[in-house]
Amino acid sequence: MTAFQTDTTTTTKSSPSLPPVGSRDRVKQFMLKLQDTICNELEKLDGTSTFKEDVWEREEGGGGRSRVMREGAVFEQGGVNFSEVWGHQLPPSILAQRPEAAGHGFFATGTSMVLHPRNPYVPTVHLNYRYFEAGPVWWFGGGADLTPYYPFAEDAAHFHRTLKGACDAHHSEYYPVFKRWCDEYFYLKHRQESRGIGGLFFDYQDGTGQLYRGPHQDSPGAIYSDRLGSLEPRSWEDLFAFVQECGLAFVPAYLPIVERRQGIEYGEKERNFQLYRRGRYVEFNLVYDRGTIFGLQTNGRTESILMSLPPLVRWEYSYQPEPNTPEAELYEIFLKPQDWSNWTPLTS
């Protein structure tokens, strides 16, 4: 869950400015505050379970605090992690993409979260915001995405509109690029389907060049970003303010959805479908998620890295949803990229 992407980046024409004095501590304090805020709101919402905290240290430098909620009234399992790691030896994946970081000690910090609700009508949600610094090299990354099991267009629209509002407060082109990048990133190639209804995803944001820094130059996000060209330079302060706004947008983006859906009655059919779809979450996190790879490569705490996995899951051979059912609608509409921020209900 300590996600630090290692995709190929696009070459920029200008170099980012140096981070300000105290940059590492400022980001760290925000990430701790974000963890506290989210945990406090989730405990109030659940009303039964509380987070158990484990403070851990990394032998090479750094550590973190992992918070896990289990067997709650609303959340079957959920984790909200903070970590900060530092050292002298950069992972090869970072050096391959940013060779100018060679010879510098590195620092990375972030807050990440995955919540697996009990009720199948409440969607799973993921969040991660992070910061990386190595000498003159620095960047922000992160995002949030929603994985529903049952389709509610108003929920998808609310989630996207809230995140879009956070983006638009800082730049009108953030959401169009980062939404498309999220659709690209949370895609299971071997299944040829999206993990959920997306949200935001961005990485390697240092205030220079084009917004898209992913590996697929023929993807919708890359094409849209290429048409925009290089944006005007944005400072470290600009990007830090943007990340803070996105992080604090999580509570108003997600909690109203939980409140609307947590009381809906469900049966064995809905529960089994939820457990089956959770299998997709496991597949993505273990096969594609670069945060999992980075965390394991840098000797992070394994329990914290893998706490994003659901507590119960099932696989079914060659499953096909029955036609004209909510399960079929999920596959036919919700697991394909949609323009959720502009969704409007049909009028009779």
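Of note:
- In segment 86-141, the ratio of gyration radius to Kirkwood radius, Rg to Rh, stands at 1.21 when only Cα atoms are counted.
- Segment 205-247: relative contact order in percent, alpha carbon pairs under 8 Å with at least 6 residues between: 47 percent
- The average projected area of segment 118-221, computed from the convex hull of its Cα atoms over all directions, is 8.0 nm².
- Relative contact order (%) - the chain, alpha-carbon pairs under 8 angstrom, separation at least six: 21 percent
- The listed peptides 273-279, 164-170, ordered by packing as a protection proxy, come out as 273-279, 164-170 (highest mean of other Cβ atoms within 10 Å first).
- Those GluC sites (Glu not before Pro) in segment 222-284 that DSSP places in a loop and that have at most 10 other beta carbons within 10 Å: Glu265
- Residue-span extension gain [Val21 to His190] - 0.36 nm each, minus C-alpha spacing: 56.3 nm
- Each of (i) 1.07; (ii) 0.95; (iii) 0.93 is a candidate for Rg/Rh (Cα atoms, Kirkwood Rh); the one calculated from this structure is (ii).
- Lys, Arg +1 and Asp, Glu -1 on Cβ, resulting dipole of the chain about Cα centre, debye, nearest 20: 220 debye
- Axis of helix 236-248 versus longest Cα principal axis of the chain: the two differ by about 20°, to the nearest ten degrees.
- Whole-number accessible area per residue in Å² for the chain, which is evaluated in the context of all protein chains at 1.4 Å: 42 Å²
- Segment 23-76 and segment 139-181: distance between their alpha carbon centers, rounded to Å: 23 Å
- Computed over segment 47-194, the alpha-carbon pair-distance distribution with 5 angstrom bins reads 2, 8, 12, 15, 17, 17, 15, 9, 4, 1, 0, each value a whole percent.
- Pairs beyond 28 Å (Cα-Cα), from Lys33/Lys179; Lys164/Lys269; Lys28/Lys164; Lys44/Lys336; Lys52/Lys164; Lys44/Lys179: Lys164/Lys269; Lys44/Lys336; Lys52/Lys164; Lys44/Lys179
- In segment 16-61, GluC sites (Glu not before Pro) in a DSSP loop with at most 14 other beta-carbon atoms within 10 Å: Glu59, Glu60
- Shape call, segment 243-348: gyration tensor on alpha carbons, a/c limit 1.5: oblate
- Degrees between helix 23-46 axis and first principal axis of the chain (Cα, 0 to 90, nearest 10): 10 degrees
- Percent accessible area from carbon and sulfur atoms, the chain, protein chains only, probe 1.4 Å: 50 percent
- Quarter of Cα convex hull surface for segment 180-260, i.e. mean projection, nm²: 6.7 nm²
- Helix content alone sets the calculated 222 nm mean residue ellipticity of the chain: runs of n ≥ 4 DSSP H residues at -39500 (n - 2.57) each, divided across all residues, give -11500 deg cm²/dmol.
The values are calculated or read from the model by the stated rules, or taken from the named source; none is laboratory data. Keep in mind the model is a prediction, meaning the values are calculated, not measured. Note that each Cβ is placed from the backbone with ideal geometry, even for glycine, and that neighbours are counted across all protein chains shown. Remember, those area values only see protein heavy atoms, side chains included, never the ligands or the DNA or RNA. Shrake-Rupley method; radii C 1.70, N 1.55, O 1.52, S 1.80 Å.
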